[in-house]
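Down below is the structure, laid out as structure tokens.
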Amino acid sequence: MKRLHLLISGRVQGVCFRAAARRRAESLGLTGRAENLPDGRVEIMAEGGEDELRSFLLWSGRGPSAARVGDISVRWEAAEKTFSGFEIR
């Protein structure tokens, strides 16, 4: 188990990015959270298997069809196993 910590910028708020991220994460069996930040970015923390996280990372570089991802900061961490599902904040 690993944790993927993402900070995603571009046109990522107001385009259902968090809801789409939750659907994608749940389809991959991941837990975590997605949150809009005051500076316009979306922060995502996802935990699960490395293959599933890599698939989620690829999806995050595109996001939902209305999104335009400009930049994505990626940090791999040890899983803390603090999430019971995938939540939107």
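What follows is calculated from the coordinates using simple rules that are stated; it is not laboratory data. Everything quoted here is computed from the prediction, not taken from an experiment. We place every Cβ from the backbone using ideal geometry, glycine too, and count neighbours over all the protein chains shown.
Brief remarks follow.
- Out of 34, 66, sole residue that is outside any strand (DSSP E or B) and of a type in the set (A, V, I, L, M): 66
- Any hit, region 44-64, residues being of a type in the set (Phe, Trp, Tyr), surrounded by fewer than 18 Cβ atoms within 10 Å (Cβ to Cβ) and under 13 Å from residue 4 (Cβ atoms): yes
- The lone exception for residue 54 - which of (1) touching a helix residue (DSSP H, G or I) at 6+ places or on another chain (Cβ under 8 Å); (2) not in a strand (DSSP E or B) it fails: (1)
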